[in-house]
1. Quick one: order A:301, B:129 by neighbouring beta-carbon count within 10 Å, fewest to most.
2. For segment B:64-107 and segment A:80-155, compute the distance between their C-alpha centroids and round to whole Å.
3. At 7 Å along Cα-to-Cβ for each site, give me the label-to-label distance between residue A:164 and residue A:124 in nm.
4. Sort A:248, A:93 so that the residue with the fewest other Cβ atoms within 10 Å of its own Cβ comes first and the one with the most comes last.
5. Can you give the Rg/Rh ratio of segment B:1-66, where Rg is from the C-alpha atoms and Rh is the Kirkwood radius?
6. Using helices alone, I'd like the mean residue ellipticity at 222 nm for chain B: each DSSP H run of four-plus residues gives -39500 (n - 2.57), total over residue count, nearest 500.
7. Just counting partner chain Cβ atoms within 10 Å, what average do the residues of peptide B:93-101 show around their Cβ?
8. Of all alpha-carbon pairs in segment B:40-123, indicate the percentage at a distance above 17 angstrom.
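Computed from the coordinates by the stated procedures, all read-outs in this text should not be read as laboratory data. In this text the structure is predicted, and so the values were computed from the model without any measurement. All Cβ positions, even for glycine, are placed from backbone atoms using ideal geometry, and neighbour counts span all protein chains on display.
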């Protein structure tokens with residue numbers, strides 16, 4: 001299904017929009033399957049014909065499946081031909097599911113799992129698609145499949161049972177925190193988040209507490225912007241100089257060296273560069289809550305290692 | 001700490017000096033800071049500072065001893081005082097460690113003390129997190 005040479009060319013159709021609306025770099029680089037030409041998930045009912053090159057590519061790749069979709073949709077639920085037809089459709093559109101899974105592949109979940117989840121989404125899309133509604137299959141399937149993968153990330157990340165309401169609230173809070181921080185130039189207070197989301201402060205406090213049960217960073221990664229600050233190098237230089245002045249430098253430095261780059265950067269900027277978590281979040285390009293979590297985890301790690309020395 | 005009206009709220013927790021109980025204290029700390037409407041950086045800082053202080057003291061005492069953690073909340077700040085009995089002769093909080101650096105960064109005013117409250121057989125860490133100091 002790959003087209004030699006096509007991946008380095010200018011993506012004429014633009015990559016698929018990532019869930020938070022920003023074009024994902026990975027998606028741009030994997031511009032090699034016809035699904036790239038699919039309209040973004042936001043306009044499922046939009047005009048599929050505004051993108052002619054993509055239309056043509058897609059038509060040639062999947063044209064043979066279109067009549068099968070109509071046929072499948074017309075079958076009675078207990079029709080014996082249903083299963084074979086569904087298999088054929090799912091197999092035929094599998095590259096679409098794989099492509100979407102790949103867009104989420106750098107977020108810490110195994111690729112096999114992602115493909116499996118995306119395939120579940122594809123099966124749902126095949127089952128629910130109604131050709132007589134007038135939209136084409138891609139406009140329906142892409143958001144359905146992406147939605148399934150996103151739900152997987154949302155549900156996987158929690159280390160204890162947290163009600164769905166709180167998980168959703170966590171997502172809203174995270175988004176509000178990043179917006180408010182930009183405007184305020186500091187981290188927001190619970191009351192400010194509550195006002196922004198138009199929910200009681202008690203709910204925000206509950207949501208913040210639930211965030212502590214959030215194990216994985218995968219959801220945070222999805223809310224993350226791609227750019228680190230240009231000034232990171234200078235800031236780290238200053239932090240390094242500060243580290244050299246402390247007595248325990250010799251014990252600490254090798255342990256810092258063992259940390260992943262990002263964790264090391266965050267620890268250096270917080271404890272030797274004197275930046276707040278919100279400032280670090282801004283420089284490193286991740287959310288404040290993510291910085292908070294990484295800092296706490298890294299401190300535990302460092303403490304254990306220092307203890308072991 | 002100012003004694004304005006209404007007076008500061010005091011919350012005192014006593015735990016067996018065991019690492020497994022520190023998350024409980026930490027949760028109380030961030031809950032108090034959240035209810036005092038500290039900004040998220042300050043809430044997270046206080047949470048980590050309390051974790052660090054409790055961990056430090058748990059290591060300087062024995063499991064049979066008690067760790068006392070007193071939070072004093074007023075309009076502008078949360079004061080935290082953690083203390084215990086030294087587990088051996090000469091056990092004291094090091095102020096030249098990375099842990100101490102962490103505390104100094106996370107809290108506004110940090111002090112290690114020995115023999116507080118008229119009890120000579122006591123070691124502890126006292127710190128203050130102010131509401132408006134996150135620049």
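1. On the way: A:301 15, B:129 27.
Lowest to highest Cβ neighbour count: A:301, B:129.
2. 53 Å
3. 1.0 nm
4. Values: A:248 16, A:93 24.
So the residues, fewest neighbours to most, are A:248, A:93.
5. So for segment B:1-66, dividing Rg by the Kirkwood Rh gives 1.04.
6. Mean residue ellipticity at 222 nm (helix-derived): -10000 deg cm²/dmol.
7. Counting other chains' Cβ atoms within 10 Å and averaging over B:93-101 gives 4.
8. Taking all Cα-Cα pairs of segment B:40-123, the fraction more than 17 Å apart is 46 percent.
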